[in-house]
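Following: one structure in structure tokens, then a few remarks.
Rule-based calculations on the coordinates, nothing more; no lab input. As the structure is a prediction and not an experimental result, all values here were calculated from the model. Note: ideal-geometry Cβ built from the backbone for every residue, glycine included; neighbour counts use all protein chains shown.
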Amino acid sequence: MHPYKGKFIPQLVEYFLDSHTDEFKRQAYFRSGDIVLDPFCGSGTTLVQANELGMHALGIDISFFNALISNVKVKKHNLAGVSKAIYDLTAKLKTFVKNKNNISFETELLCELTRFNNRYFPSPELKEE
């Protein structure tokens, strides 16, 4: 639903937080009930994994968008309410699309973006040496 590029796989976080111990983790071992601080929480992967492993997690991020994503991931939600909101938004979107000329706008936007990119960010040609 969003192009957030800074995500990493949950298994990476789980390795550092779960209870299995290897040589690398002997000095830093997390237990259920511990508190994990993620000062650059991004989309909240560490927060989610900590919660799944029974740990408390605090996340901080300068980006409002990242904080929004993190909060959505770790909060409890009323699934019936979410379902109704999705249904309502879908109906409104269908009405909007039917009443507006989105396709021509998107086509024009893509043409302008192509012109802009070609002018200011031309692809370097491959040179054989």
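Assorted remarks:
- Highest-first arrangement of 61-74, 44-57, 79-92, where packing means the average Cβ count within 10 Å: 44-57, 61-74, 79-92
- Karplus-derived HN-Hα couplings along region 44-51 (A = 6.51, B = -1.76, C = 1.60, θ = phi - 60°), whole Hz, x at Gly and Pro: x, 4, 5, 4, 5, 4, 4, 4
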